[in-house]
Structures are given as structure tokens and as C-alpha cells.
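The values are calculated or read from the model by the stated rules, or taken from the named source; none is laboratory data. For clarity, every value in this text was computed on a predicted model and none was experimentally measured. With ideal geometry, Cβ positions are generated from the backbone for all residues, glycine too; neighbour counts draw on all protein chains shown. Ligands, DNA and RNA are excluded from the accessible area calculation, which covers all protein heavy atoms including side chains. Shrake-Rupley method; radii C 1.70, N 1.55, O 1.52, S 1.80 Å.
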Amino acid sequence: MSITRRRLFGLTAATVAAGSLAKPSILRAQGARELVIISYPGRLSEPHRWLADQMEARHAGLRIRLTPSDSQDIVAQIKAAQGYSPFDAMPNDEPPHLIGQREGYIARRNEGRLKNLANVYPGLLEKSGGFGVPATYSLVGIAYNTQLVKEPPQSWADLWRPEFKGKVGIARTSSNLGLATLAIAAKTFGGSEDNLDPGWERLRMLEARAARSPAVLGQMLEREEIALAPLWNNNTAAAAEKGLPIRFAMPKPGAIAIISFMSAIANTRHPELVDEWLDGILSPAYQARAAGAPYYFGPTVRGVSVPEAARPYTPSTPEEVMALQTIDWTKIVPVRGQLVERFDRTFAM
């Protein structure tokens, strides 16, 4: 999600921000409790603030503090903490979620305390590995300028239409967007996460314009330096809301969903409250609020009505959700550094 896309959906491996540590307080000594939740910058934290207000109203003396994040410093603080963690829960996209499991700083979920867990789409829940809950997802589709693209792309393969040669932008593989672009290029032309070579070859054939980040890629699209690009639904919506002639396509066989998980941090001081927070994340009320403008977070539970304004950017029916593609990040994460190096060599970054 940047607010270069997010990071709209959760923290990336490089998105966990330095916020102030939770300090033992006079309030705690008086019996009050404080829950410290890692959140997003700016307006993207508003659904979390709404949920926090609901919980505070139910628990006298409870304060929930949201700490915006955009650096790896918070993970370092969590790992360095002695005793209780200074933070209680955090969002992570799929790659850092896998890293958090491996390194042991996020906790397994307590399914007996999560009554809303039964409503989660099973395919999304399976991706959690038993840690945290699928909170939201973002989509990678094709953003295009309607003044430069007369026939909108219908499939991923349409990026290779002859008229688009030299007009497509792609993000560096240091970002989840860039990695997803490489993976979908490979899968479209006979490869897979285990065999990315067809993707590399096809990206070279595009004569694509490479961008160092999703934010820069979005700017290139806005300045008409490119005509179309694989891009986050959230970034595309933000550009369209500025009045720019930019639209979003969910190409066949399906847009790519990248899940953001909300997880308890190991050694939280308040596991019961964190479980209540996680269950609230899965509530229909929270999910519907997060799906609306200007957030456009994809709902991870069944039965949520997606607002009309969000439907060009977010699946609104179970059938559309089931058509989404995902990435097997267990194959990508271990070789991520190599993929970044190869991208920089190939596209002279």
C-alpha cells in the first residue's frame, strides 16, 4: 500500500518504522493498560484508529497507541528487547511475514480466541502459516493512461502487444511490486516462481522503463513518461482521484493479491488484548471500513460489501476474489537479493 503504495497493506521487509518505545508509565502503575500497535503513516492508519477507539470504549483505562512505521528499526527494537516486547502487534506483507516466523518475533495465533476466524477465505488463511491473521490484501494489476492507451489491456499478455513496446514501466525487484511483476511475467509465459528465466526474457523484450520504487513508477505514469505499468490498485486509485486519466485493469487470468497479516508480537505484555485486536481486524465492520476510499484494502473475510467507489480497484464478489492469483513467496524470499542484483544488471539501475 509507499504511502508509496503502502505501503498500503502492511509493512514490507523494509517497512517497519521507528516509533517511540512503549515506556513503563505512571498510568500503568495506576492500573491502566497501554497497547502499542504498529500502524501505517497518514490517513492509512484511520481504520486502525477506528478499531482502537472501539476497544478503548469497551475497556476502562485502556489506551491504544498507534506507532506509524517506515523503517526496519522497529524489528531491531523488538529483537533486542529483554522481557516484554515494547510493541504488541504489527502488520506485515507476505515476505516479511515469512521472515518474522523464521526469526521468531511474531507469535502463533490463538484460534480459540478468534471467533471471526471462521469467516476468512480459506486460501488466504492458509498463507498465514498459523501466525497472525490475514488483515487485508493489495492488488497488482495494470494501470494505464487512457489518453495513451486506446484499447485497455485485458490480460497480462497484453503488456507485450507491439504498440506498447518501450512504453511499459516496471518497478525494481527490491520492492514486492517488482518481484510480483517478474513472477507474473514468468508464469504468463510458461515459467514459475521456481523458474523465473522466462520472466527475465520477457521483461527484456518489453524494452521497459525501470523505476527504483513503486512511487517513482506512479510518478512516471502521471507524467506520461510511460503509458502503462503493473501497479498497486491503491496507487492507481490515488492518481485517478487527482483527476488524472489513469485507470486500473484486473487482467486475466487474475490480478495478483499480496496479503498483509496482522500478528501478535512475541512476548507481548497483553496477549488477551492483542487477540481481541486481531479478532476486530477480522470483523465485518472493520473490513468494510478498510475497503472504502481512500484505503481500498481488499477484504479477507466473506460477506463484506465492497463500497461502489472501491469496485474498480477491489474485487467485490466471491468469484472475483477466487480469481485472484498469489505468489509463492517461499520460493522468492530466499533469493531476493540475487533477484535485485540481476535486475540492476539487466536494466542498468
What about residue 235, is it open to solvent by 10 Å² or more (accessible area, probe 1.4 Å), within 27 Å of residue 102 (Cα to Cα), in contact with a Ser or Thr (Cβ under 9 Å, 6 or more places away or on another chain) and not in a strand (DSSP E or B)? no
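Which residues, counting only those in the stretch 155-173, are out of contact with any Asp or Glu (no Cβ under 9 Å at 6 or more places or on another chain) and either of a type in the set (D, E, K, R) or open to solvent by 40 Å² or more (accessible area, probe 1.4 Å) (or both)?
Correct list: 157, 160, 162.
Name every residue in the stretch 239-254 that is touching a strand residue (DSSP E or B) at 6+ places or on another chain (Cβ under 9 Å) and open to solvent by 30 Å² or more (accessible area, probe 1.4 Å), in order of residue number. Before the answer, list the steps.
Here is the first cut: in the stretch 239-254, the ones touching a strand residue (DSSP E or B) at 6+ places or on another chain (Cβ under 9 Å) are 239-240, 244-254.
Result: 244, 245, 247, 250, 252, 253.
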Can you tell me which residue among 201, 207, 222 is surrounded by fewer than 20 Cβ atoms within 10 Å (Cβ to Cβ), more than 16 Å from residue 344 (Cα to Cα) and of a type in the set (D, E, K, R)? 222
Tell me, please, whether a residue that is buried (at least 20 other Cβ atoms within 10 Å of the Cβ), under 30 Å from residue 80 (Cα atoms) and out of contact with any Phe, Trp or Tyr (no Cβ under 7 Å at 6 or more places or on another chain) can be found in the stretch 314-331. yes
Residue list for the stretch 119-154, filter: more than 20 Å from residue 315 (Cα to Cα) and open to solvent by 10 Å² or more (accessible area, probe 1.4 Å): 129, 130, 131, 146, 147, 148, 150, 151
In the stretch 95-113, anything open to solvent by 10 Å² or more (accessible area, probe 1.4 Å) and either outside any loop (DSSP other than H, G, I, E, B) or closer than 14 Å to residue 274 by Cα (or both) is listed as 98, 99, 101, 102, 103, 107, 108, 109, 110, 111, 112, 113
Consider residue 17 against the criteria (1) aliphatic (A, V, I, L, M); (2) open to solvent by less than 70 Å² (accessible area, probe 1.4 Å); (3) modelled with pLDDT of 50 or more; (4) over 16 Å from residue 296 (Cα atoms): it satisfies all of them except one. Which criterion is unmet? (3)
Only one of (1) touching a Gly at 6+ places or on another chain (Cβ under 6 Å); (2) within 26 Å of residue 259 (Cα to Cα) fails for residue 228. Which number is that? (1)
Looking at residue 138 and the list (1) touching a strand residue (DSSP E or B) at 6+ places or on another chain (Cβ under 6 Å); (2) within 22 Å of residue 216 (Cβ to Cβ); (3) modelled with pLDDT of 95 or more, which single condition is not satisfied? (3)
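Does residue 68 meet the test of being open to solvent by 30 Å² or more (accessible area, probe 1.4 Å), within 23 Å of residue 215 (Cα to Cα) and more than 21 Å from the chain's Cα centre (by Cα)? Quick ask: steps written out before the conclusion?
Working: open to solvent by 30 Å² or more (accessible area, probe 1.4 Å): yes; within 23 Å of residue 215 (Cα to Cα): yes; more than 21 Å from the chain's Cα centre (by Cα): no.
So residue 68 does not fit the description; no.
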Could you list, in sequence order, all residues of the stretch 267-277 that are open to solvent by less than 30 Å² (accessible area, probe 1.4 Å), in contact with a helix residue (DSSP H, G or I) (Cβ under 8 Å, 6 or more places away or on another chain) and not β-branched (Val, Ile, Thr)? 273, 275, 277
Search result, residues across the stretch 298-324 that are under 22 Å from residue 44 (Cα atoms) and β-branched (Val, Ile, Thr): 300, 301, 304, 306, 314
Give the residues of the stretch 328-349 that are more than 13 Å from residue 199 (Cβ to Cβ) and either outside any helix (DSSP H, G or I) or basic (Lys, Arg) (or both), sorted by residue number. 328, 336, 345, 348, 349
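Results for (1) part of a helix (DSSP H, G or I); (2) aliphatic (A, V, I, L, M); (3) open to solvent by 60 Å² or more (accessible area, probe 1.4 Å), shown as yes or no for each residue.
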residue: 36; (1), (2), (3): no, yes, no
residue: 44; (1), (2), (3): yes, yes, no
residue: 56; (1), (2), (3): yes, no, no
residue: 86; (1), (2), (3): no, no, no
residue: 117; (1), (2), (3): yes, yes, no
Output yes when any residue across the stretch 187-196 is under 22 Å from the mean Cα position of the chain (by Cα), surrounded by fewer than 16 Cβ atoms within 10 Å (Cβ to Cβ), hydroxyl-bearing (Ser, Thr, Tyr) and modelled with pLDDT of 95 or more, and no when none is. yes
Flagged in the stretch 281-298 as within 10 Å of residue 114 (Cβ to Cβ) and assigned to a helix (DSSP H, G or I), in numbering order, are 281
Looking at the structure I just gave you, is residue 76 part of a helix (DSSP H, G or I), modelled with pLDDT of 90 or more and small (Gly, Ala, Ser)? no
